[in-house]
Amino acid sequence: MKIAVSFLTFSVSLTLISSSIYSQNSTNKISSKYFETVSKKTNSLQEKLDKKSQKVLDRFQKQEAKIKRKLIKIDSLAANNVFANTQEKYKQLEEKLKSSTALSSYLPYLDTLKTSFKFLEQNQQLLKDGKEKLNDAFSKVKDFEGELQKAEDIKQFLKERRQYLKEAIEKFGLAKELKKINKEIFYYAETLKEIKTIIHDPKKIERKAVELLSKTKLFQDFMKKNSLLASLFRMPVDDPNDPAYLASLAGLQTRSQVNSLIQNQIAAGGQNAQQAFQQNVQQAQSQIQQLKDRVNKLGGGSSDAELPDFKPNNQKTKSFLERLELGTNVQSQKGNGFLPATSDLGLSVGYKINDKSIIGIGASYKVGWGKGWNNIRINNQGASVRSFLDWKLKGSFYVSGGFEMNYRSALNGINISTRAGVFNATEWQQSGLIGISKVISIRSKFFKKTKVQMLWDYLSYQQVPKGQPILFRVGYNIK
């Protein structure tokens with residue numbers, strides 16, 4: 001049947017974990033690297049979700065307490081009534097979370113992952129090594145599944161609690177106080193969505209693990225009998241007349257039966273029934289599309305209807321390290337009567353404030369090249385420390401600015417004569433930069449983006465000797 005073929009394709013296409021899990025010299029047996037990668041991946045995601053869950057509950061309770069204090073000033077009796085059972089509600093949630101084990105929603109990746117572990121438990125002759133690590137990985141996957149269910153329970157609790165507060169305090173003019181609560185729920189739901197996306201993103205090891213297992217008929221049959229999807233729709237293994245398989249289909253209508261039922265209904269409607277049916281279908285499709293468009297205008301399928309004008313910051317669902325952006329850049333300056341031609345080799349680390357803004361710091365080393373083609377000499381010319389801010393203007397164009405302190409060792413103790421008199425040149429010079437950056441995405445394993453900058457140093461006119469006012473930089477983002 002089609003459903004059996006599609007399920008087999010589905011199970012083969014799903015993937016499991018990291019580099020070189022098997023080798024031809026070990027008769028294609030599963031290596032312990034597979035289980036180590038599974039354990040590391042699920043444990044990392046579980047810790048991230050656990051921290052986020054605790055943080056959102058703490059912030060939610062603090063915001064509730066703030067609303068209660070404001071309501072007491074308006075109507076103390078109403079405040080006591082609204083928040084009378086708050087502690088009880090949170091205790092009920094705590095008890096519910098203690099019993100959260102099995103995930104109520106279906107995640108194909110986790111289904112394949114758990115089923116493959118069950119299969120390997122029963123067929124340990126396919127293991128190259130790491131029988132103990134198999135048990136550890138299986139335990140980590142179950143713990144992660146329980147954490148996902150806890151997150152779903154927390155999300156549902158927060159939404160119900162938010163709706164209760166909205167109805168209770170709206171008449172007191174405090175509905176706007178729920179804005180922060182709405183944002184907390186939104187970002188928590190986005191974090192949960194992101195984690196589910198990560199768990200569905202297989203690496204090379206994961207793909208090879210499933211490919212290896214899926215080549216065996218033994219595993220194919222095991223998937224058809226023991227996966228979560230198979231428990232809902234029993235797949236025939238060898239015998240299409242398998243009683244268990246036929247029992248699972250009892251009461252379900254086939255495609256031909258549904259088509260026959262529709263045709264009979266149309267025929268009973270008379271000569272124009274076919275045309276009327278098509279019009280009704282088109283009208284239904286149009287209404288569904290209108291609903292989709294409306295949801296998208298409110299921020300997409302995962303958005304919260306309580307935030308129609310809210311523009312989410314996608315960086316808030318990421319950890320501190322995930323919001324960092326490493327980069328390197330090169331800048332050259334021509335020489336003058338006092339300084340040789342130099343090139344700055346810089347490194348930087350930026351922090352993504354939001355989807356449009358990056359703030360960061362950096363440093364560079366100044367390499368001197370001499371004073372002309374006839375006097376090329378590589379030498380040390382100092383260093384600089386930098387700060388910068390990039391703000392997205394439109395598309396891949398950014399407004400860039402920054403402040404820098406440049407140390408020029410060649411200026412130490414030099415007196416420079418100008419029309420205004422004699423000045424003692426300082427080895428530390430200030431630069432204030434503003435300009436435009438263009439980011440170009442490139443296909444590279446190491447460098448992710450190229451940044452081309454045209455900057456104006458508006459403090460160059462105060463430098464002694466006068467520096468170069470227009471700077472051109474080329475940079476590369478590593479992460």
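Read the figures in this text as sums done on the coordinates, not as results from a lab. Remember, it's a predicted structure, so these values are computed and weren't measured experimentally. Please note: Cβ atoms are built from the backbone with ideal geometry, for glycine as well, and neighbour counts cover all protein chains shown.
Observations
- Each peptide in 466-477, 137-148 gets a packing score, the mean of other Cβ atoms within 10 Å over its residues, and the list from highest to lowest is 137-148, 466-477.
- Long-range HN-HN contacts of T216 with modeled amide H, under 5 Å: none
- Close amide-amide hydrogen proximity is noted between G382 and K366, S409, each under 5 Å apart and 5 or more residues distant or on a separate chain (H modeled in the peptide plane; Pro and chain starts excluded).
- Taking the range 157-191 and a reference point 7 angstrom along Cα→Cβ of D75, the backbone N atoms nearer than 13 Å belong to 167-175.
- The ellipsoid that matches the Cα gyration tensor of the range 83-148 has semi-axes, each √(5λ) in whole angstrom, of 36, 12, 7, with the longest given first.
- Only lysines eight or more places from K449 in sequence, or on another chain, were considered; those with a Cα closer than 25 Å are K203, K204, K316, K318, K352, K356, K366, K392, K394, K438, K479.
- Those aspartates and glutamates that a straight Cα-Cα span of less than 14 Å connects to K334, excepting residues fewer than 8 apart in one chain: D344
- Cα-projected label distance for I440 with I266, points at 7 Å along beta-carbon direction, nm: 5.6 nm
- Distance between the pseudo-spin-label points of E167 and N43 (7 Å out from Cα toward the beta carbon): 4.5 nm.
- Pair Q87, T450: separation of 7 Å Cα→Cβ label points (nm): 6.5 nm
- The packing ranking, built from the mean of other Cβ atoms within 10 Å per residue, places the peptides 176-185, 386-395 in the order 176-185, 386-395, highest first.
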